[in-house]
């Protein structure tokens, strides 16, 4: 039996993603678990080879193979697929769903689809980003299961009773096995990790698979007409898989994946941003009052009521403060470096109060606004009134300035709750919104008639498409039209869109921002440019990896994903664009069955 080694980091476009709401896994083309934090999204990683740490769980063909894969419909159940010269083998992958906060159950079913199959399996978990290895490894002869401790976690592995303990030292210690299957046969591997004592009996694989299939079928609603039905369902599944039992939706599953090579643009996105969660709720509301709208309302209102004007831009999945940034002494993903925690914990971002109001207005229109959210509306309005003249870090989390987008986002939110009848004294809110727009126009209107980023920054910004899109001012207002044209002229390349022009020039060291591309599709639709809207939509929809996952940015020169993966707010805006574009598709087009 050959012992598979831990594969090196791969291009981001080829990683698949499975999740159970409480944590997620990136699976590489060699069948490796390259990344997973446990037991929570923001816990230390148990599998971290993606960024130069230790730990891996690999199921890979023993013979040379060509990789592929696909998601089962309406789920995050992934099938790795390998074609060899003698047959086809698949490994069905899932985290038992819905996940329990304290325990993760990893399901892997190896199947010989055509011809016989031989695969090598390696299990080498390593807690604390690779620094704490398996200890107390033992086999239960009665059940054929393996158990161990990994840092503070308890581990149990079923399905490989004949595995061997290999490795000379603690860091090399692994469980390895060779799986040989005849055509049509299959074998289930089940790995359990928990911060508590595991139940006496191991998970029964067939039941866990059946429960997971049923739960995913119930979690993904039937949508109305969408421009890209399968992708809309997939994006919803990705967002659902990233949403915890508390209702918090993490921004991404990963950390330290560089947006630009050796530029210092490395961040930890394993937390729930108020803005991103509001984007997701508003996006889902474009189709209906689905669960992700309700979970967004629940989480955002709870944080607003708890923290009021001291609302932080982001929280952990359990609603706690984001930890301070720290280095981990790892090699990092190629072109990047290791960094845990996020400096956003110390920032003030005014626009999140406006985005929260937009979320609550969408919930009210669907009659799912809770009493807590109704109270949170007043908290957000007070925070806007008290902080309008306070510089903030803005949507892109830069230095503190009077960012035009932040103030116009607040105007959008105020108008939305007033129009929806979701707040007291709508006339006062409309007047306040009018004042915000007028003041912003006085200090952040470019001589050409478009919005500019800030009073002291004349550049156009892709985020400045939002004010017209979300109702701060009409879409046919000259300022809206001029801004759309400026983004089209100055920030668009081949129907991809950049956030803003850097000092070194567009595309010199940054990549197209997929969120802005889908926002541009919505803006083109709003401006009446339907053909361009579909061009922006389809171009950016293609900016994903093989498994259909979006990262934050897309390098249009190298056709590569950049930044953390998957990026929830990109999937959110893709969903919204798909829903809103559908009404302009030819009548004879229908959703896929």
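The values are calculated or read from the model by the stated rules, or taken from the named source; none is laboratory data. Please read all numbers here as calculations on a predicted model, not as lab measurements. Because the Cβ atoms are built from the backbone with ideal geometry, glycine has one as well, and the counts that use them run over all protein chains shown.
Quick notes on this structure:
Let's see how each residue does on (1) in contact (Cβ under 8 Å) with a residue 40 or more places away in the chain; (2) assigned to a helix (DSSP H, G or I); (3) not assigned by TED's automatic domain parsing to the domain that holds residue 410:
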residue: 312; (1), (2), (3): no, no, no
residue: 318; (1), (2), (3): yes, no, no
residue: 324; (1), (2), (3): no, no, no
residue: 329; (1), (2), (3): no, no, no
residue: 334; (1), (2), (3): yes, no, no
residue: 338; (1), (2), (3): yes, no, no
residue: 345; (1), (2), (3): no, yes, no
residue: 349; (1), (2), (3): yes, no, no
residue: 355; (1), (2), (3): yes, yes, no
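- Residue in the range 192-201 that is closer than 26 Å to residue 89 by Cα and in a strand (DSSP E or B) present: yes
- The range 200-222, residues that are surrounded by 11 or more Cβ atoms within 10 Å (Cβ to Cβ) and in contact with a strand residue (DSSP E or B) (Cβ under 9 Å, 6 or more places away or on another chain): 202, 203, 204, 205, 208, 209, 212, 213, 216
- Single residue of the range 146-178 satisfying the filter (more than 34 Å from the chain's Cα centre (by Cα) and within 24 Å of residue 110 (Cα to Cα)) that is surrounded by the most Cβ atoms within 10 Å (Cβ to Cβ): 163
- For the condition at pLDDT 95 or above and crowded, with 16+ Cβ neighbours inside 10 Å, residue 373 qualifies.
- Against the test of being under 25 Å from residue 503 (Cβ atoms) and either without any contact (Cβ under 8 Å) to a residue 24 or more places away in the chain or buried (at least 17 other Cβ atoms within 10 Å of the Cβ) (or both), the options 402, 414, 429 yield a single qualifying residue, 402.
- Screening the range 358-456 for helices (runs of 4 or more DSSP H) wholly inside it with 1 or more residues that are in contact with a strand residue (DSSP E or B) (Cβ under 9 Å, 6 or more places away or on another chain) and assigned by TED's automatic domain parsing to the domain that holds residue 471 returns the ranges 404-420, 426-444.
- Residue within the range 492-500 that is under 13 Å from residue 405 (Cα atoms), touching a helix residue (DSSP H, G or I) at 6+ places or on another chain (Cβ under 8 Å), crowded, with 16+ Cβ neighbours inside 10 Å and in the same structural domain as residue 579 (by TED's automatic domain parsing) present: yes
- Being under 17 Å from residue 230 (Cβ atoms) and not in a loop (DSSP other than H, G, I, E, B) holds for only one residue in 518, 550, and it is 518.
- Number of residues in the range 221-249 that are within 9 Å of the chain's Cα centre (by Cα) and more than 17 Å from residue 97 (Cα to Cα) equals 0.
- No other residue among 511, 523 is out of contact with any helix residue (DSSP H, G or I) (no Cβ under 8 Å at 6 or more places or on another chain) and either surrounded by 24 or more Cβ atoms within 10 Å (Cβ to Cβ) or closer than 16 Å to residue 259 by Cβ (or both) apart from 511.
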